[in-house]
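Where a number appears in this text, it was derived from the coordinates with a stated rule and is not lab data. This structure is a prediction, so every number in the text was calculated from the model and none was measured. Every residue, glycine among them, receives a Cβ derived from its backbone with ideal geometry; neighbour counts consider all protein chains shown.
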Amino acid sequence: EIDFFFPKQRTLAVIKPDATEEHREKILEEIHAGGFSVTQLKETALSREMAEEFYKEHREKPFFGQLVEFMCRGPCMMLVLTKENAVEEWRAMMGPTDPDQAKATSPMSLRARFASDILHNSVHGASNEQHAEEKIRFIFGEICPDAELNRDGETDG
Ligand code: RTP
Ligand code: MG
């Protein structure tokens, strides 16, 4: 198995509460078609406190209140995606934060196809490898057995 020779990376993906059942299925299809392995999966309704902690980097932003409200209004699908360069590849698959920009620059991206506006934009992806590991630990509450796979290929940022 050739994968053995190349370090894999993990990222956290979230299908947000605005995604309909149909969107969810299509997003999951894209994930598999994109060659990601789903190594952990769970559906969770975030409490307000968890949503605040999850997006704590944005605490000072004017949209923070709305973002927290939105993220705990319904169930989220939480996924750990594993692939070489997973962080960057998943963000590319999502497309830009704002669906208008996504439609203009990457019309096949998930946000171009499924997001309704800059806040209700269907999917989340960790912004770098360190955030990915931190958020995976926060959501799944453990140090996952495959965490060691990351060490060799670790890069900052
Ligand atoms: P995410 O963290 O959810 O993957 O999204 P992102 O990196 O593309 O964007 P980020 O700047 O981290 O923003 C986090 C989420 O906050 C909401 N948002 N609303 N109203 C607004 O201007 C605004 N800007 C951002 C979105 O749900 C965004 O994904
Ligand atoms: Mg972000």
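So here's what we get for this one:
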| read-out | value |
| --- | --- |
| Choice from Gly74, Gly65, Gly125 with maximal GNM fluctuation in the chain (Cα, 10 Å cutoff) | Gly65 |
| Residue of Val38, Val80, Val123 that the Gaussian network model of the chain assigns the largest fluctuation, springs spanning Cα pairs under 10 Å | Val38 |
| Selected from Pro17, Pro75, Pro62 as most flexible by GNM, with the chain as the system and alpha-carbon contacts under 10 Å | Pro62 |
| Entries in Lys103/Lys135; Lys8/Lys61; Lys61/Lys83; Lys26/Lys61; Lys42/Lys135 that, when Cα-Cα distance is taken, lie over 24 Å | Lys103/Lys135; Lys8/Lys61; Lys61/Lys83; Lys26/Lys61 |
| GluC sites (Glu not before Pro) within the range 60-141, DSSP loop, no more than 11 other Cβ atoms inside 10 Å | Glu60 |
| For the chain, average projected area of the Cα convex hull in nm² | 9.3 nm² |
| Normalised alpha carbon radius of gyration of the range 75-118 [divisor 2.2 N^0.38 Å] | 1.21 |
